[in-house]
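Q: Quick one: this structure, given as structure tokens, is what I'll be asking you about.
Derivation of every value follows stated rules applied to the coordinates shown; laboratory data play no part. All values derive from a computational prediction rather than experimental measurement. All Cβ positions, glycine included, derive from the backbone under ideal geometry; neighbour counts span all protein chains shown.
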Amino acid sequence: MQTLKKFICEKIIGVLGEISPSAAELETYFEYPPNPEMGDLALACFKLSKTMRKAPAVIAIGLAEALQGKTDGYFDDMQAVSGYLNFFIADSYRVNVVLTSILNHGDEYGRGHEGDGKTMCIDFSSPNIAKPFHIGHLGTTAIGHSLRRIYAFSGYHCVGINHLGDWGTQFGRLIVAYKGWGSKEDVELGGVAELSRIYKEFYIKAEEDPSLHDQAKAWFTAMENGNREALELWNWFKEISLSEFKKTYDLLGIEFESWAGESFYNDQMQAVVDELTEKRLLEKSDGAMLVNLEEDGMPPCLILKNDGSTLYATRDIAAAIYRYHTYGFDTSLYVTDAGQSLHFAQFFKVIEKMGYPWASRLRHVPYGKISVGGQKLATRTGNVVLLSELFDDAIKRVYAIIDAKNPQLANKDEVARKVGVGAVIFNQLSTGRIKDVNFVWEDALNFDGNTGPYVQYTYARSCSVLAKAGERLSSSLSWSLSREEKELLNLLVLFPQKVEQAKNECEPSVITRYILDICACYNRFYHNCPILKAEGDTKELRLRLCEAFKAIAGRALWLIGLEKTEAV
């Protein structure tokens, strides 16, 4: 379709001459008719009427007449209807050009080259050390992982960065909690769950004994001053956390080039403060140091507390400078919840005021909140769902469904893992990222709804058809296509455009919605067009359509972080 748009635009520009808009603008005038009877592609002539000073209907009729015999056989018909010029794509084009191109490229169909030679840093996931890796981190983890793959598929060299929350006063609290009512044996046995338990108990005990907060500050100051005991405990807590985090990342197939957390930038923050001072950007307010952003319509960006300690903004500025010097990124994405939007706007603006021209390459990718069954998450009260438990539960539920529906399946454990994990990820990515997500088990694991299991099952269906196919033809095919076959090809050819849109908008849901569309279309084709029972050219054509669907659906699943399933 995209190639046809460019082709038609060239022909129209040739007809209109100087009064024609640019090819890029003209492409935006095209629409996809709501039903096949109105054509496969439609040019809306309404905007052309402003420059041509004619009624849209007259323009459409004139173009239809002027283009007759000039479409190289790509179209069967052109019809001018109510100001639209509707194009009906020839079956010969669909088979010889569209289908052949998809099959020749396989799962590389749609790969872009815009990012060739460019580097993209993607900061995502970034859980806090010694705290539960919970469903609240699912958004940044799933969205970031998908965006990394989308950009990589568009040619970018992607650097995945896990900016761990591994520094701050909370570690002083944890040390107080561990030394006060924890034990080495319990922590080694319970891992992050035990660290989380004693951390929550800190707040309970601090209500009775407020001096615990002063002790926590003292221990964090000791950490910053290099106290051996404090740093040994901090490193131990960190190792325990990373070991548990990596189990979840392995399950999701996620890797990072950098695990540099907040602590990594401790020795770089003074340089940031010195530079801000030198450039006369720092102001003092109630003992704290800040950058005034009033003229930019934002509250001030705090750089130093009144006790001289640094804040998130200080570390993020240091991190951005380090990443640019280390990776020379062309773009740097930060995937975090929408609640941090002001923070990113502030420190992006500070970097701009520091005179760094690459400040414009920084981009915050916000997403909405997630809840489970409508319940808000709260780590301090313990109202959280751990990601490890969430995925384990999903896998068990899918295994039970498979065991009931297909007990003879040979690899039930593997399929249950793929489908269970896929159900959770697809549920997260199935709506626009900025929208809040409410996770409901029954909806996510429904094989018949717009879910991960549904799309993985449809992919498996295409694999099953191809596995059962007998001898294949190698001759050229006839050009007579059914309505379902035309609709499927019309959708499959849109894949490169969908990848481009998902990349430009940093929106994985573009891909999930597209997968649902092609799966629904494939299932209509499967039910209405016998494949294995067909004969000759008809059978071969339909098998090739199955191959094309399998290639594109498989790649689309990969783009959103779902594993392919050969059978369910």
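Q: Given 20 Å bins starting at zero, what is the percent of C-alpha pairs of the chain in each, up to the one with the largest pair distance?
A: Pair shares across the bins are 18, 43, 29, 10, 0.
Q: Among DSSP beta bridges whose residues both lie in the range 285-369, state the antiparallel percentage, nearest 5.
A: In the range 285-369, DSSP labels about 45 percent of beta bridges as antiparallel.
Q: Additional query: At most 10 other Cβ atoms within 10 Å and a DSSP loop assignment: could you name the GluC sites (Glu not before Pro) in the range 426-503 that fit?
A: GLU471
Q: Note down the net charge around LEU41, summing +1 for each Lys or Arg and -1 for each Asp or Glu among other residues with Cβ under 14 Å from its Cβ.
A: Values: positive: LYS5, LYS6, LYS11, ARG94, LYS486; negative: GLU27, GLU31, GLU37, ASP40, ASP76, ASP77, GLU487.
That works out to -2.
Q: Could you tell me the relative contact order of the range 387-559? Use alpha-carbon pairs under 8 Å, at least six residues apart, and round to a whole percent. Don't jump to the answer; show the numbers that get you there.
A: Details: 162 pairs, mean separation 39.5, N = 173.
Relative contact order of the range 387-559: 23 percent.
Q: For the range 430-446, in order, what is each residue's ³J(HN,Hα) by Karplus, 6.51 cos²θ - 1.76 cosθ + 1.60 with θ = phi - 60°, in whole Hz (x at glycine and Pro)?
A: 7, 10, x, 4, 6, 7, 5, 10, 10, 7, 10, 3, 4, 6, 5, 9, 6
Q: How would THR565, THR314, THR169 line up from fewest to most surrounding beta-carbon atoms within 10 angstrom? Please list the in-between numbers first.
A: Values: THR565 23, THR314 26, THR169 15.
Fewest-to-most Cβ neighbours within 10 Å comes out as THR169, THR565, THR314.
Q: Using θ = phi - 60° and the Karplus curve 6.51 cos²θ - 1.76 cosθ + 1.60, what whole-Hz ³J(HN,Hα) does each residue of the range 404-418 get, with Gly and Pro shown as x?
A: Result, ordered by residue: 7, 8, 9, x, 8, 4, 6, 10, 4, 4, 5, 5, 4, 5, 4 Hz.
Q: What does the helix-only formula give at 222 nm for the chain: each DSSP H stretch with n ≥ 4 adding -39500 (n - 2.57), the total divided by the residues, and the result rounded to the nearest 500 deg cm²/dmol? It would help to have the intermediate numbers written out before the result.
A: Numbers: 22 runs with 297 residues, N = 568.
Rounded to the nearest 500, it is -16500 deg cm²/dmol.
Q: Okay, next question. As a test of understanding, state the convex hull volume per residue of the range 2-89 from its alpha carbons, in Å³. Before the final figure, lay out each step's value.
A: Working: hull volume 7.3 nm³, N = 88.
Each residue corresponds to 83 Å³ of Cα convex hull volume.
Q: So what is the relative contact order for the chain, in percent, with contacts set as C-alpha pairs under 8 Å and at least six apart?
A: Numbers: 867 pairs, mean separation 88.7, N = 568.
With pairs under 8 Å counted, the relative contact order is 16 percent.
Q: Return the distance in nm (one decimal) between the two label points of a simple spin-label model at ALA469 and ARG228, each offset 7 Å from Cα along Cα→Cβ.
A: That separation, rounded to one decimal, is 7.0 nm.
Q: Based on the Cβ-Cβ distance of GLU201 and MET298, what FRET efficiency does E = 1/(1 + (r/R0)^6) give at R0 = 35 Å, to the nearest 0.05?
A: Numbers: r = 38 Å, r/R0 = 1.08.
The value I calculate is 0.40.
Q: Say each of ASN504 and GLU25 gets a label point 7 Å from the Cα, pointing the same way as Cα to Cβ; how far apart are those two points in nm?
A: Distance between label points: 1.7 nm.
Q: Counting only Cα atoms, I'd like the Rg/Rh figure for the range 168-252, Kirkwood definition for Rh.
A: Working: Rg = 13.4 Å, Rh = 13.3 Å.
Here Rg/Rh amounts to 1.01.
Q: Work out from phi, with θ = phi - 60° and the Karplus expression 6.51 cos²θ - 1.76 cosθ + 1.60, the ³J(HN,Hα) of each residue of the range 291-296, listed in order in whole Hz, and give x for Gly and Pro.
A: 10, 6, 10, 4, 5, 9
Q: Which order do ASP537, ASP72 fall in if you start with the one that has the fewest other Cβ atoms within 10 Å? Display every interim value, and only then the final one.
A: Numbers: ASP537 15, ASP72 10.
Lowest count first: ASP72, ASP537.
Q: Sticking with this one: Give the whole-number value, in cubic angstrom per residue, of the convex hull volume spanned by the C-alpha atoms of the range 74-146.
A: Working: hull volume 16.0 nm³, N = 73.
Hull volume over Cα atoms, normalised by residue count, gives 219 Å³.
Q: For the chain, what is the percent of antiparallel DSSP beta bridges, rounded to the nearest 5?
A: Values: 23 of 43 bridges.
Looking only at bridges with both residues in the chain, the antiparallel portion is about 55 percent.
Q: Under the rule a/c < 1.5 gives rounded, and otherwise a/b versus b/c splits prolate from oblate, where does the range 387-559 land using the Cα gyration tensor? List each step's numbers first, then the result.
A: On the way: a/c = 2.58, a/b = 1.40, b/c = 1.84.
Cα axes put the range 387-559 in the oblate bin.
Q: Could you tell me the center-to-center distance, by alpha carbons, between the range 522-568 and the range 268-311 in angstrom?
A: Answer, in whole Å: 58.
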